[in-house]
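The values are calculated or read from the model by the stated rules, or taken from the named source; none is laboratory data. Remember, predicted model here, so these are calculated numbers, not experimental data. Counting neighbours? That spans all protein chains shown, and the Cβs are built from the backbone with ideal geometry, glycine included. Heavy atoms of the whole protein, side chains included, go into the accessibility calculation; ligands, DNA and RNA do not. Shrake-Rupley method; radii C 1.70, N 1.55, O 1.52, S 1.80 Å.
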Amino acid sequence: MLKNRQVLLGVSGGIAAYKICELVRLLIRAGAKVQVVMTENAARFVNPLTFETLSQKPVHIRMFDSGTGPLKHIELADKAELLAIAPATADIIGKIANGVADDLLSTLYLATKAKVLVCPAMNVNMYEHPAVQDNLINLKSRGVMVLEPDSGELACGWEGKGRLPEPEVILEACEYAVVEKDFSGKMFMITAGPTREAIDPVRFISNRSSGKMGYALSRAAKARGAEVILISGPTNLRAPLGVKLVRVENAEQMMKACAKYSQDADVIIKAAAVADFTPRIKAGAKIKKEKGAPVLEFTRTPDILGELGSRKRKDQFLVGFAAETEDLVKNAQKKLKEKNLDLIVANDVSKKGAGFDVDTNIATILPRAGRTEYLPKLTKLELSYKILDKIIKLFP
Ligand code: CTP
């Protein structure tokens, strides 16, 4: 995670610099220590005072400003754990790819041993120019992480690739760049969201799950180096960077997707709120009200987690969730045993700040062997990291 990480944020002179104001807020909210460095051109787009106010720190622009000492660049470079350049113009990309150090930001790139993230943003023709592409290939070959720009309408009026991704995406890339890859080589299958069980072509039965917990887990597992397949019911969420998203609608489809992808998975986490019942008959045409109020009959859906538990291999680690409104620990322990899990995360969904459609959760982690851990209210991302910490201890 980004908590207490030293982020050196290099802003170069493109119109997308305005988006970085929001990025600074997000980084600070994530607990990062942010030092902004701007090029002289960037300071023409956004007033340095804006960044100083948001980061609560002086912004550095020139190499030899009086009062800051001649070795400021070395001090900044040594302290950084991540140098994130966003937006990165064709100019700064060209300089750092070719070892030119004629201003503070390009000098910092040469001086730092930190991880480097470059977020290009420019006109589509500039971005696609072989000179820029060659420079990016060159940077990538040196281990620099490059966040692909988005496609769409550009500030210059052109349509195409070159738009700086939204601040939330850059934040995620920063997290990915600094987090230790302790799950590298492992394959995760994670499920998320609700399922929708059709009544007729326009109506369905569902539940309040937003998918936030499963998406946060996928983001954290990816940041920690795992390959992640996220099987998701219908949600409004963006897939985390680098995660393979498989969309499903109902319990039956989720079951099929899980059967397919679980075979290669080392770790399976079932955070989805799967419907337990589905209408016995799904009407082929819209049910008309003239026919009177329908009486729905339900049948049980497959218990996917139970199935996965019964087929679990010795080299697989299976994690379930228990959404409860009473007898939390007792019910969770029962599910842990009955479904042959290695770990269960229980939460009282009736509590404020826990459960469905909120950004936080209050969870209790119960391993098959070992101590039950009662956690305070955490963001779903913080909780995800705690769950992964537990998994790595039990399943090295
Ligand atoms: N689950 C599943 N398939 C189902 C129902 C639940 O895989 N048809 C999984 C959920 O993804 C979760 C775990 O089982 O990881 C527990 O879900 P929960 O709704 O808390 O419990 P249920 O097993 O449905 O039991 P109950 O309804 O009695 O609480």
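Scan segment 278-332 for residues that are assigned to a loop (DSSP other than H, G, I, E, B) and within 10 Å of the ligand (Cβ to nearest atom) and report the count.
The first filter runs over segment 278-332 and keeps only residues assigned to a loop (DSSP other than H, G, I, E, B), leaving 280-288, 292-297, 301-303, 311-316, 325-327.
The next check asks that each one be within 10 Å of the ligand (Cβ to nearest atom); those that pass are 301-303, 325.
Qualifying residue count for the region: 4.
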Okay, strands (runs of 3 or more DSSP E) sitting entirely in segment 133-250 with 2 or more residues that are open to solvent by less than 10 Å² (accessible area, probe 1.4 Å), I get 187-192, 227-232
Report, by residue number, each residue of segment 323-334 that is at pLDDT 95 or above and either of a type in the set (G, A, S) or within 28 Å of the chain's Cα centre (by Cα) (or both). A332
Boolean, D266 is more than 16 Å from the ligand (Cβ to nearest atom), under 27 Å from G211 (Cβ atoms) and modelled with pLDDT of 95 or more: yes
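Confirm whether F298 is exposed (fewer than 15 other Cβ atoms within 10 Å of the Cβ), in the same structural domain as N236 (by TED's automatic domain parsing) and aromatic (F, W, Y). Before you say what the answer is, go through the steps one by one.
Numbers: exposed (fewer than 15 other Cβ atoms within 10 Å of the Cβ): yes; in the same structural domain as N236 (by TED's automatic domain parsing): yes; aromatic (F, W, Y): yes.
Yes, satisfied.
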Boolean, K351 is out of contact with any Lys or Arg (no Cβ under 6 Å at 6 or more places or on another chain), part of a loop (DSSP other than H, G, I, E, B) and in the same structural domain as I268 (by TED's automatic domain parsing): yes
Within the group A192, A221, A198, A226, which residue is touching a helix residue (DSSP H, G or I) at 6+ places or on another chain (Cβ under 6 Å), of a type outside the set (V, I, T) and at pLDDT 95 or above? A192
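Being assigned by TED's automatic domain parsing to the domain that holds M38, among the charged types (D, E, K, R) and buried (at least 20 other Cβ atoms within 10 Å of the Cβ) narrows it down to one residue among K95, K113; which is it?
On the way: K113 fails: buried (at least 20 other Cβ atoms within 10 Å of the Cβ).
Checking each option against the conditions leaves just K95.
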